[in-house]
Amino acid sequence: MVRSFLSFHAEAPLEEALAFARARAGGAGVYLVPDPPWVSLYHEALEAQEDPGAIRGFLRELSRLGRALAFLVLAEEDLLFLLAEGGRVRAELRRGPELGEALWGPEDLLPLLEAAQAMPPLSAVRALAAPFGLHPDHAALGFLDLLEAEEEEGLPEEVVYLE
């Protein structure tokens, strides 16, 4: 099965991320998974849209809570990674037939971005997550993955679902 997924991550308290998500769910489902100091957000509508502009806008807003990351993988071929802080995107890695090519960011992050650029998208997601202290499994999940897990075996109690 070919996978596509989108995940957001904020270095913020769960309560702040929860209030943020409630205000921006727009009737769509949102899962929140706390893993201090990070909270991972999986947004149903944004994952379905696969719109880099909408992802960038959501991430910029999310980064007002603290450092924030976004990972988008499309059909296991395209990769978008964004790092934002204080309401602005500070780094981007984009590659693949649908998303085009881009690589820029702070000089200290460039070696990591360049190494990830040479990897398959799923491997790149895991490699990019780890140096930020984000659990690589959380980066490599999407809304549909959590929905399927909830239906099959249930999710841990600490996972919050908003709709």
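Here are some notes:
- Only listed residue being hydrophobic (A, V, I, L, M, F, W, C) and out of contact with any helix residue (DSSP H, G or I) (no Cβ under 8 Å at 6 or more places or on another chain), chosen from L99, L109, L72: L109
- Qualifying residues in region 132-145 (those that are open to solvent by 10 Å² or more (accessible area, probe 1.4 Å) and assigned to a helix (DSSP H, G or I)) - the one nearest to L82 (Cα to Cα): F132
- Scan of region 1-26 for residues that are part of a helix (DSSP H, G or I), in contact with a strand residue (DSSP E or B) (Cβ under 6 Å, 6 or more places away or on another chain) and of a type in the set (G, A, S), ordered by number: A17, A21
- Qualifying residue in region 67-83 (condition: modelled with pLDDT of 95 or more, crowded, with 18+ Cβ neighbours inside 10 Å and outside any strand (DSSP E or B)): yes
- Within the option set S63, S40, being of a type in the set (S, T, N, Q) and within 24 Å of L147 (Cβ to Cβ) holds for one residue only, S40.
- Enumeration of residues in region 146-160 that are within 12 Å of S40 (Cβ to Cβ) and either open to solvent by 50 Å² or more (accessible area, probe 1.4 Å) or touching a helix residue (DSSP H, G or I) at 6+ places or on another chain (Cβ under 7 Å) (or both): E158, V160
- Subset of region 34-57 that is open to solvent by 20 Å² or more (accessible area, probe 1.4 Å) and hydrophobic (A, V, I, L, M, F, W, C) - its residue that is farthest from G100 (Cα to Cα): A45
- Just one residue in the set F20, F8 is farther than 21 Å from A140 by Cβ and either modelled with pLDDT under 95 or surrounded by 21 or more Cβ atoms within 10 Å (Cβ to Cβ) (or both); that residue is F20.
- When restricted to residues that are in contact (Cβ under 8 Å) with a residue 40 or more places away in the chain, within 14 Å of Y161 (Cα to Cα) and out of contact with any helix residue (DSSP H, G or I) (no Cβ under 7 Å at 6 or more places or on another chain), region 12-49 contains 7.
- Residue pairs meeting the criteria (Cβ under 7 Å; at least 6 apart or on separate chains; first under 20 Å from A75 (Cα atoms) and part of a strand (DSSP E or B), in region 95-110; second of a type in the set (S, T, N, Q) and open to solvent by 50 Å² or more (accessible area, probe 1.4 Å)): R95/Q117
The values are calculated or read from the model by the stated rules, or taken from the named source; none is laboratory data. Keep in mind it's a predicted model, so treat the numbers as computed, not measured. Virtual Cβ from ideal backbone geometry, glycine too; neighbours counted across all protein chains shown. Surface accessibility is based on the protein's heavy atoms, side chains included, excluding ligands, DNA and RNA. Shrake-Rupley method; radii C 1.70, N 1.55, O 1.52, S 1.80 Å.
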